[in-house]
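The structure's right below; bear with me while I get my questions together.
The values are calculated or read from the model by the stated rules, or taken from the named source; none is laboratory data. Because the structure is a prediction, the values reported are computed rather than measured. Positions of Cβ are backbone-derived with ideal geometry, glycine not excepted, and every protein chain shown enters the neighbour counts. The protein model used for the area step is the full one, side chains on, heavy atoms only, and it has no ligands, DNA or RNA in it. Shrake-Rupley method; radii C 1.70, N 1.55, O 1.52, S 1.80 Å.
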Amino acid sequence: MSKFIFVTGGVVSSLGKGIAAASIGKLLETRGLHVTIIKCDPYLNVDPGTMNPYQHGEVYVTDDGAETDLDLGHYERFTNGIFTKDNNVTAGKIYYSVITKERKGDYLGKTVQIIPHITDEIQHCIKKVAKNHDVDVVIVEIGGTVGDIESLPFLEAIRQLRWEMGEHYAINIHVTLLPYIKSCGEQKTKPTQHSVGRLREIGIQPDILLCRTERPISQEQREKIALFCNVDVEGVVEAPDVKHIYEVPSSFKKENLDSLILKKLNIKAPERDFKAWEDYVVKRLRHPKKEATIAVVGKYILLPDAYKSIYEALGHAGIANDARINIVKVDSEDLEKGKIDRFFKNVQGVLVPGGFGHRGIEGKIRAIRFARENDIPYFGICLGMQLATVEFARNICGLKGANSTEFEKNAKDPVISLLAEQHQITDMGATMRLGAYPCRLVKDTRVQVAYKKEDILERHRHRYEFNNAYREVLTSKGLVISGVNPERDLVEVVEVRKHRWFLGCQFHPEFRSKPDKPHPLFRDFIAVALTVK
Ligand code: GLN
């Protein structure tokens, strides 16, 4: 039977609960355990797929095609777990399922209520993951902050689950903040006491407090927090700010968090080697020998979370190449008029990530042209691949009216367009080409050299496709189609060969990159960028 760790957050949001949950997963894996992680989101959207990145940050996509919270990206990057649509439970999903059952008459005339029907449904979803994944430990992260009205049903559900399971089968870890007040030079414990008080009011007693702090916690402070929050002194764990998120597992390890969790869950798992992660990831992150400057051209550059997995994957490629990556964020709308050279000074590579909607498109196309004409390594992902195709069609093939029908319905040359079957779709939620699809690579192309194999599987999230009617014209002028979906003959990868490194892929390689297993395309992109003087 799987054991459970419930992670809640107190005091303020943005304490890094997702990274804490992922780091706990990592530490338990290094003790030889199998782990999975669930994210419970209290909002009423069924999934974040239809949300604007400014509302929610990046939408992360799993192999099975779920559009999920970006914390699932952290879970995948830190652990070896397999994540599916079941690993992201939203209030929207829970209510949708309960109301559908009610309409079917499944509740046999009962009044349908938050307790027990919503809370039972939450428990059912959590238990389903435990059952299907066959793991030793399930970590459940509850989104939001204790005290929010929205997250109450989730907290009640985990309270009941813990009661049902009993001691040594489930624990609660509360991530909290110890703010440092400069004027009195003190670290304050009161917000944490209040937050734990709030939790206790609803029947949850935390076993461990992960105290986010800018400064070390003294023994005296630890004892005070323990006494007033009703936890063991060893259960007060210091979680200091660190420079890189991948140092968080090491900082938890220093506090013996893994051994403490295992003790509380009564699991015997021998101490194993944690050094591989520390030596490869942490050391290289801290002391890189080289440096590469990459421009990321997008329309959500002000929000660090909007292109989370892209930035992380660039970082992983930096680790692989022993280089620090300096990211220059360029707003595509700023590139629409006038000279654009100044935006790319000292830039050794240009990346255009995925995106939707017409805003900033022409700016991205100008950035792509600049990279192509100046032999600057170019990496286009999803929209970045589609626009590279448009740019090539316009400026190399002379198809001045080339565009994607996403931006110009009646484009003269619709080099990117919808597939016939997609014309009928009217719903916006979960109706794109989503999840992992196979792709066959052409031998000796850049993409094939990077992967060192011919058949790959990568994740998708898009509606529009390369229009096969233009294959001939584009390839006759030198565009190389180096990856194709073998079942449906859809173009997946394009390259320009008379160039240092110019590649666009329809899929999202960033979702599969990990700090200790960098994605081959990102790795090669950075390797080539490092050769640009
Ligand atoms: N908007 C484009 C499409 O729907 C690209 C999507 C993306 O970049 N994720 O096909």
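Let me check I've understood the local charge: for G478, count other residues with C-beta under 12 angstrom from its C-beta, Lys and Arg +1, Asp and Glu -1. What total comes out?
Details: positive: R372, K477, R497, K498; negative: E495.
Charge balance in the 12 Å sphere: +3.
Determine the per residue accessible area of the range 89-152 with all protein chains present and a 1.4 angstrom probe, expressed in square angstrom.
Values: 3450 Å² over 64 residues.
Averaged over the residues of the range 89-152, the accessible area is 54 Å².
Suppose all protein chains stay in the model; what accessible area per residue would a 1.4 Å probe give for the range 14-58, in Å²? The partial results should precede the final answer.
Numbers: 1410 Å² over 45 residues.
Value returned for the range 14-58: 31 Å² of accessible area per residue.
Grab the eigenvalues of the alpha-carbon gyration tensor for the range 52-175, scale each by 5, take roots, and send me the semi-axes largest first in whole angstrom.
On the way: eigenvalues 115, 75, 50 Å².
Rounded to whole Å, the semi-axes are 24, 19, 16.
With a ≥ b ≥ c taken as the square roots of the eigenvalues of the C-alpha gyration tensor of the range 121-278, please select rounded if a/c is under 1.5 and otherwise prolate if a/b is larger than b/c or oblate if it is not?
On the way: a/c = 1.80, a/b = 1.20, b/c = 1.49.
It is oblate, given that a/c is not under 1.5 and a/b is not larger than b/c.
Round to a whole angstrom and tell me the spacing of the C-alpha centers of the range 71-128 and the range 273-342.
Here the answer is 36 Å between Cα centres.
Which order do K17, K290 take when ranked by solvent-accessible area (1.4 Å probe, heavy atoms of all protein chains), largest first? Mind dumping the intermediate values first?
On the way: K17 30, K290 100 Å².
In descending accessible area the options line up as K290, K17.
Further question: Percent of accessible area on the chain owned by carbon and sulfur, 1.4 Å probe?
Details: 11600 of 22990 Å².
The nonpolar share, carbon plus sulfur, comes to 50 percent.
Once amide H atoms are built 1.01 Å from N in the peptide plane, which residues 5 or more positions from A402, or in another chain, come under 5 Å H to H?
D413
For the range 269-356, compute the orientation-averaged projected area of the C-alpha convex hull (one quarter of its surface), in nm². Walk me through the numbers on the way to the answer.
Values: hull surface 31.4 nm².
Averaged projected hull area, Cα only: 7.8 nm².
Let me ask something else about it. For the chain, what is the percent of antiparallel DSSP beta bridges, rounded to the nearest 5?
Working: 28 of 80 bridges.
Roughly 35 percent of the DSSP beta bridges within the chain come out antiparallel.
Stokes-Einstein diffusion coefficient for the range 1-127 at 10 °C in a medium of 1.306 mPa s, Rh from the Kirkwood formula over Cα pairs: what value in µm²/s? Please list the in-between numbers first.
Details: Rh = 16.0 Å.
Answer from the Stokes-Einstein relation: 100 µm²/s.
Measure nothing but the geometry: give the 0 to 90° angle between the long axis through the Cα atoms of 383-395 and the longest principal axis through the Cα atoms of the chain, rounded to 10°.
10
Let me ask something additional. Rounded to the nearest 0.05, what FRET efficiency do D279 and D455 have when you use their Cβ-Cβ distance and R0 = 25 Å? Display every interim value, and only then the final one.
Values: r = 32 Å, r/R0 = 1.29.
Efficiency, from the Cβ-Cβ distance: 0.20.
Can you work out D for the chain in µm² s⁻¹ from Stokes-Einstein, where Rh is the Kirkwood radius over C-alpha pairs, the temperature is 4 °C and the viscosity is 1.567 mPa s? Provide the component values of the computation, followed by the final result.
On the way: Rh = 24.8 Å.
Value of D from the Cα-based Kirkwood radius: 52 µm²/s.
Report, ordered by chain and residue number, the aspartates and glutamates lying within cross-link reach of K190, taken as a straight Cα distance under 14 Å and ignoring same-chain residues fewer than 8 apart.
Correct list for K190: E223.
May I pose another question? Considering only protein heavy atoms, with the full assembly of protein chains and a 1.4 angstrom probe, order D136, D524 by accessible area, largest first.
In descending accessible area the options line up as D136, D524.
Kirkwood-based Rg over Rh for the range 128-220 (C-alpha set), two decimals? Show your work: numbers first, answer last.
Details: Rg = 15.7 Å, Rh = 15.1 Å.
Taking Rh as the inverse mean 1/r over Cα pairs, Rg/Rh reads 1.04.
Within a Cβ distance under 11 Å of P414, other residues only, what is the Lys/Arg minus Asp/Glu net charge? Intermediate results must be reported in sequence, preceding the final value.
Numbers: positive: K409, K412; negative: E406, E408, D413, E465.
Surrounding charge for P414 is -2.
When the helices in the chain are scored as -39500 (n - 2.57) per DSSP H run of 4 or longer and the sum is shared across all residues, what 222 nm value do you end up with, to the nearest 500 deg cm²/dmol? List each step's numbers first, then the result.
On the way: 17 runs with 171 residues, N = 533.
My calculation for the chain gives -9500 deg cm²/dmol from helical runs alone.
Follow-up question, since we're still on this one. Too long at a 26 Å Cα-Cα cut-off: which of K289/K517; K299/K409; K329/K412; K128/K264; K93/K127?
Values: K289/K517 19 Å; K299/K409 21 Å; K329/K412 32 Å; K128/K264 24 Å; K93/K127 16 Å.
Those over the limit are K329/K412.
Can you give the Rg and Dmax of the range 398-533 based on its C-alpha atoms, in angstrom?
15.9, 50
The range 360-422: D in µm²/s via Stokes-Einstein (Kirkwood Rh, Cα pairs, 37 °C, 0.692 mPa s)? Numbers along the way, then the final one.
Numbers: Rh = 11.9 Å.
Answer, rounded: 275 µm²/s.
Accessible area, 1.4 Å probe, largest first: how do R500, R433 sort?
Values: R500 85, R433 20 Å².
Order by accessible area, largest first: R500, R433.
Less than 14 Å apart at the alpha-carbon level, and either on another chain or at least 8 residues along: which aspartates and glutamates does that give for K453?
Once the sequence-local aspartates and glutamates are set aside, what remains near K453 is D444.
Given the Cα atoms of the range 8-63, and with Rh set as the inverse mean 1/r over their pairs in the Kirkwood sense, what is Rg to Rh to two decimals? Could the numbers behind the result be given before it?
Values: Rg = 13.9 Å, Rh = 13.6 Å.
Radius of gyration relative to Kirkwood radius: 1.02.
Say the cut-off is 18 Å between C-alpha atoms; which of K39/K275; K26/K514; K308/K514; K17/K243; K3/K39 go over it? Before the final figure, lay out each step's value.
Details: K39/K275 28 Å; K26/K514 12 Å; K308/K514 13 Å; K17/K243 16 Å; K3/K39 16 Å.
Cα-Cα > 18 Å for K39/K275; rest within.
Are there GluC sites (Glu not before Pro) in the range 253-350 that DSSP marks as loop and that have at most 11 other Cβ atoms within 10 Å, and which are they? Could you put the intermediate results ahead of the total?
Working: sites: E255, E271, E278, E291, E312, E333, E336; in loops: E255, E271, E336.
Passing sites in the range 253-350 are E271.
State in Å² the accessible area per residue of the range 381-420; use a 1.4 Å probe, count heavy atoms of protein chains only, and round to the nearest integer.
On the way: 1370 Å² over 40 residues.
Counting only protein heavy atoms, the per-residue value for the range 381-420 is 34 Å².
Of the GluC sites (Glu not before Pro) in the range 137-244, which ones lie in a loop per DSSP and count no more than 16 other C-beta atoms within 10 Å? Mind dumping the intermediate values first?
Values: sites: E141, E150, E156, E164, E167, E186, E201, E214, E220, E223, E234, E238; in loops: E150, E167, E214.
Counting only loop positions with at most 16 other Cβ atoms within 10 Å, the GluC sites (Glu not before Pro) in the range 137-244 are E150, E167, E214.
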